[in-house]
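Below is one structure, written out as structure tokens; comments come after it.
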2 protein chains.
Amino acid sequence: MSMSGNGPTKRPLGTCFVRAHRGLCADCRPELPCVVASYKSSDREFEAGQDLFSLGKPCDSIYNLTEGWVILYNLLEDGRRQILHFALPGAVLGFHPGDSAMMTYGAQALTDVTVSSIPHKALLPIVKQQPEFGLRLAWLIARDCSLAFDRLTSIGRHSASKRVAHLLLKLFIRYRAQWPGNQIEEMHLPLTQEDIGDATGLTSVHVNRVLGDLRKDGIVKFHYRRLQIINPDKLIDVARIDPQLVLSWIR
Amino acid sequence: MSMSGNGPTKRPLGTCFVRAHRGLCADCRPELPCVVASYKSSDREFEAGQDLFSLGKPCDSIYNLTEGWVILYNLLEDGRRQILHFALPGAVLGFHPGDSAMMTYGAQALTDVTVSSIPHKALLPIVKQQPEFGLRLAWLIARDCSLAFDRLTSIGRHSASKRVAHLLLKLFIRYRAQWPGNQIEEMHLPLTQEDIGDATGLTSVHVNRVLGDLRKDGIVKFHYRRLQIINPDKLIDVARIDPQLVLSWIR
DNA sequence: CGCTATCTTGAGGCGGATCAACCGCAGTGG
DNA sequence: CCACTGCGGTTGATCCGCCTCAAGATAGCG
């Protein structure tokens with residue numbers, strides 16, 4: 001279940017095939033020389049459904065996601081789940097506060113996934129050789145933190161339909177940002193309605209009703225992991241996101 | 001409204017007066033040489049209620065909080081608010097994704113506050129001189145991110161009383177961690193019930209009822225900004241936090 | 001073709017929001 | 001000294017959004 005075949009139909013030739021994933025590697029931000037090239041990072045692959053690391057267990061490496069979708073999640077003792085974050089290519093995973101501490105959340109591959117891993121022990125040497133690496137790492141983590149704050153506001157203060165709309169819009173924009181210059185209004189979104197519920201703090205039953213409403217209102221269709229944005233303006237309105245801000249994301 | 005006079009009554013002499021605030025400065029993690037000493041960071045003060053930076057405006061410096069409490073928050077168009085994070089001494093504020101971008105959240109001083117500020121422009125030179133600085137920065141931000149994930153789970157999946165208990169317990173533990181070796185069960189918590197509501201996604205009315213229940217059950221008392229933990233074990237149970245984990249925090 | 005995961009739809013209940021008083025207390029100004 | 005004001009907390013009545021439980025329907029897959 002890779003991302004291939006799910007992409008947009010018309011895609012500009014040339015650089016756009018090089019995904020702008022903004023990770024730790026060399027092609028991400030040209031103005032900063034890259035480190036990973038000089039450090040022999042080892043690639044790993046995970047199948048959809050596998051855990052990259054697990055809740056309550058130690059994790060001795062950080063992962064730089066190069067292909068696929070990963071969710072970070074928390075489990076409650078009664079089996080319910082809260083999805084904390086959707087990681088897209090470029091994300092850094094597993095940089096935890098405190099060396100060799102237990103992870104306080106898990107990471108599961110939503111699709112087949114490839115990552116390059118760097119042991120925690122290697123971080124200090126890398127940083128000494130390439131000081132910019134540390135800043136870039138901080139920058140990537142700060143972005144994830146900002147996304148977490150965003151979802152905190154959504155879950156804490158918005159109604160069900162706004163939460164779902166917000167989630168879909170954000171994922172759509174983040175996905176699209178990986179293929180700059182590309183105009184799409186449809187994408188493969190590897191989620192079940194249960195996943196959407198776990199991310200928005202709702203039950204899958206209620207997510208289903210909300211999606212039905214959004215479809216009836218001609219805003220979005222989400223059916224069997226295919227997301228279509230029918231009316232972007234309405235979606236932005238329902239998601240309670242500043243249109244100005246959306247423009248700045250799209251660039 | 002400084003923190004003085006609010007501290008615990010019996011405090012071990014000696015090192016415990018040096019607050020372990022784990023910030024960017026030299027006394028935070030002895031194993032890593034510090035940077036800020038070599039960079040002439042400028043101190044600033046803010047009064048309680050003032051904004052360190054505001055939602056939708058640019059912010060050209062990062063702040064290292066040295067004294068006081070700061071909240072990060074979001075405002076909705078209808079005037080409601082979501083508190084995203086409580087920053088305690090040692091925290092790094094204003095390191096935003098993307099240089100000179102608009103802040104997507106605001107920061108307000110809950111008490112009188114002192115910070116040392118470092119312009120964004122100075123970060124790259126600092127990192128080049130002291131590479132560990134970048135790692136420490138990333139580490140601090142990752143910790144905040146982890147706390148945000150924690151609250152996401154609480155708000156998304158727990159009942160009102162669990163959310164409130166979770167918040168109070170976390171704040172208590174984080175406050176106490178600043179004074180290691182100190183046994184206290186009472187603290188000055190500079191929050192209103194409205195603040196607690198804005199942090200937990202509840203209304204102040206409902207927070208009031210929940211606090212009443214917690215008081216009746218002999219778990220905690222929170223009255224006019226004074227928090228007393230009556231029954232820590234029960235609180236840990238209600239907050240749905242792994243007792244093992246709590247122990248590891250307390251050390 | 002049966003099995004399982006996912007989606008769909010309905011009925012009923014509850015947790016927390018909303019609306020609306022009222023209290024206690026600290027200023028503050030006459 | 002007391003009236004006035006404002007903030008924060010307290011309490012009650014009512015309402016509604018979302019959860020829960022339950023029973024199909026549909027799609028994907030070996």
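Please treat every number below as a calculation from the coordinates, not as lab data. Since this is a predicted model, take the numbers as computed values, not measurements. Please note: Cβ atoms are built from the backbone with ideal geometry, for glycine as well, and neighbour counts cover all protein chains shown.
Averaged over the residues of B:102-108, the number of partner chain Cβ atoms lying within 10 Å of the residue Cβ comes to 2.
Applying the criteria of a DSSP loop state and at most 16 other Cβ atoms within 10 Å to the GluC sites (Glu not before Pro) of segment A:147-203 yields A:Glu185. Label points for B:Gln228 are taken 7 Å from Cα along Cα→Cβ. From this copy to the others they lie 6.3 nm apart, shortest first.
Placing R0 at 35 angstrom, the Cβ-Cβ distance between B:Gln228 and B:Leu75 gives a FRET efficiency of 0.65 after rounding to 0.05. Annotation: for a label point projected 7 angstrom from Cα along Cα→Cβ of A:Ser159, residues of segment B:192-212 with backbone N closer than 18 Å are B:202-203.
In a DSSP loop and with at most 12 other Cβ atoms within 10 Å, the GluC sites (Glu not before Pro) in segment B:38-141 are B:Glu47, B:Glu77. Look at the Cα gyration tensor of segment B:138-190: its axes a ≥ b ≥ c give a/c of at least 1.5 with a/b at or below b/c, and that counts as oblate. Each copy carries A:Gln183; placing its label point 7 Å along the C-beta direction from Cα gives inter-copy distances of 7.0 nm, listed from smallest up.
Inter-chain Cβ neighbour count for A:120-130, averaged per residue, equals 3 (cutoff 10 Å, partner chain atoms only). The residue of chain B whose Cβ sits closest to the rotation axis that maps B onto A, together with that distance in whole Å, is B:Gly134, 1.
Each label point was placed 7 Å from the Cα along the Cα-to-Cβ direction; for A:Asp60 and A:Arg209 their separation is 5.0 nm.
Between copies, the label points of B:Lys121, set 7 Å from Cα on the Cα→Cβ line, lie 4.2 nm apart, reported in increasing order to one decimal in nanometres.
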